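Structure first, commentary second.
The values are calculated or read from the model by the stated rules, or taken from the named source; none is laboratory data. Everything numeric in this text was worked out from a predicted model, so none of it was measured. When we count neighbours, we look across all protein chains shown, and the Cβ atoms used for this are built from the backbone with ideal geometry, even at glycine. Calculation scope for accessible area: heavy atoms of the full protein, side chains included, ligands and nucleic acids excluded. Shrake-Rupley method; radii C 1.70, N 1.55, O 1.52, S 1.80 Å.
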Amino acid sequence: MLEFNNIFEKLSLYFQYPFVRYALIVGVLIALCASLLGVSLVLKRFSFIGDGLSHVAFGAVAIASVLKLSNNMYLAIPITVLCAIAILSSSQNAKIKGDAAIAVISVGALATGYLVLNIFAASANISGDVCTTLFGSTSILTLKPSDVWLSIVLSIIVLTLFILFYNKIFAITFDEDFAVASGIRVKAYNLLIAVVTAIIIVLAINLVGSLLISALIVFPALSAMRVFKSFKSATICSAIISVVAAALGIIISILAGTPVGSTIVVVNIVNFALFYLVGALKGVKA
Amino acid sequence: MKKLLSILLSFILLGNMAYVNAEGINTAQKEPILVEAKEPYFIDVDLTKLSSTMVFGEVYNMLVNTQDYIGKTIKMGGMYSSNFFDLTQKNYHYVVISDAMACCQQGLEFVIEEERKYPEEYPQIGNYIEVVGVFGVYEELGTNYPYIKVLELKEKILIQ
């Protein structure tokens, strides 16, 4: 009981710091946005798109750092969006398809980004900058109010688009041919998904770093799909899991002094294990 | 003969109070450096009570939003570091903290007002120090630098 009191006292002290409140707000919003698209991306077999685009975002952030831009997102978002469009909109007749396209673009961007950072070093601590961008150690705790507002605006845009076009996204996820036959502009909506995914990934670099972004997209969706079979239920459950994991991960990391990104991912892994167990028990009972 | 050798060995071991520094050279261990406060103080920001993740975030906040901390009494603990800058021909002293992954480090400069000889009257580089001081900003060569004006400093000797 005494330990819980100590933890609550520490938390109430920590919440007095504005950067903790900013981290929670942005962390929860990013996790929510990532999870909404996660179900669709997992079902379309694009789970690794998060990884691929995050490497592109890393490369873009590296170039933005060298150019000393006031906010790296001004360059990272357009470049990542372009690459997302190139990957997700690639046709069946493309010479380099699907996973190969992701591999080519992502590895190329990662290597280019690291090379650029080394040659045109903007700070004295290159490995620290690279490590922070890759693993998101404490970047979420160094947000300025302008970063928070930008994240809020972008998250509202993503949420609005998802809610407005939910039915279309549902149709495209399960049966693109049927969607085309129904008169849905599949290419346009695939483009929309690509753009939204790119925005979420650039935002998520601050939270979990480039290497761990896939976890935010994939784990909540997979956990929800263990238990819920309908698209709507799985999406709602995925959103709840993701938000809880992000909030819990941030709180645990500031209490225990652990890296924020990895702590959030570990909480997601634990959630996945629990939901897998629940799903297995449900299957046994049925 | 055996008794003589064991007595000799004991004297050598007892007499050697050194620890090995980063270069592997035995050095004589000096007394921990202490700067005592001349008057009582009240701590406004105590970083020693925060987790390492929080400390990193708060120090970053202090470096970015310096105006919010000027005049406040700060207590922080970290690794002592020092470097000599050719342009000003001065030694600068820092308390350095790392983030949870230890890949990123931040440092805050501290200044001891009284005249002290470096390195004899400063902590051993790499040792843990706790500094209490007043946060301020000074200008040098056209750039503003945040620093802590030391009220109290305690060094903890690294035991290896």
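So, A:Ser223, is that one open to solvent by less than 10 Å² (accessible area, probe 1.4 Å) and without any contact (Cβ under 8 Å) to a residue 60 or more places away in the chain or not?
yes
In region A:32-66, which residues are β-branched (Val, Ile, Thr) and open to solvent by 10 Å² or more (accessible area, probe 1.4 Å)?
A:Val42, A:Val61, A:Ile63, A:Val66 - these are the residues of region A:32-66 that are β-branched (Val, Ile, Thr) and open to solvent by 10 Å² or more (accessible area, probe 1.4 Å).
Scan region A:94-150 residue by residue and report those that are more than 14 Å from chain B (Cβ to nearest Cβ), in a helix (DSSP H, G or I) and modelled with pLDDT under 70.
If the condition is that a residue be more than 14 Å from chain B (Cβ to nearest Cβ), in a helix (DSSP H, G or I) and modelled with pLDDT under 70, then A:Gly98 is the only one that fits.
Any residue in region B:112-138 that's free of Cβ contacts under 8 Å to residues at least 40 places away in the same chain and within 30 Å of B:Asn65 (Cα to Cα): show its pairings with residues that are open to solvent by 80 Å² or more (accessible area, probe 1.4 Å) and in a strand (DSSP E or B) at Cβ separation under 6 Å, as long as the two are six or more apart or on different chains.
B:Tyr138/B:Tyr145
Counting only residues that are within 8 Å of chain B (Cβ to nearest Cβ) and β-branched (Val, Ile, Thr), how many does region A:237-268 have?
Going through region A:237-268 one residue at a time, the tally reaches 3.
In this structure, is A:Ile184 open to solvent by 20 Å² or more (accessible area, probe 1.4 Å), under 24 Å from A:Ile85 (Cα atoms) and assigned to a loop (DSSP other than H, G, I, E, B)?
Taking the combined requirement at face value, the residue satisfies it.
Inspect all residues belonging to region A:161-175 and state whether any of them is assigned to a loop (DSSP other than H, G, I, E, B), away from chain B (no Cβ under 14 Å) and among the polar types (S, T, N, Q).
no
Please specify each residue of region B:49-73 satisfying the condition of being farther than 24 Å from A:Thr132 by Cβ and either more than 19 Å from the chain's Cα centre (by Cα) or open to solvent by 50 Å² or more (accessible area, probe 1.4 Å) (or both).
B:Lys49, B:Gln67, B:Ile70, B:Gly71, B:Lys72
Among the residues of region B:29-68, how many are over 22 Å from A:Leu11 (Cα atoms) and hydroxyl-bearing (Ser, Thr, Tyr)?
2
If I ask for residues that are modelled with pLDDT under 90 and β-branched (Val, Ile, Thr), which ones from region B:126-160 would you list?
B:Thr143, B:Ile157, B:Ile159
Looking at B:Gly77, is it at pLDDT below 90, out of contact with any Cys (no Cβ under 9 Å at 6 or more places or on another chain) and surrounded by 12 or more Cβ atoms within 10 Å (Cβ to Cβ)?
no
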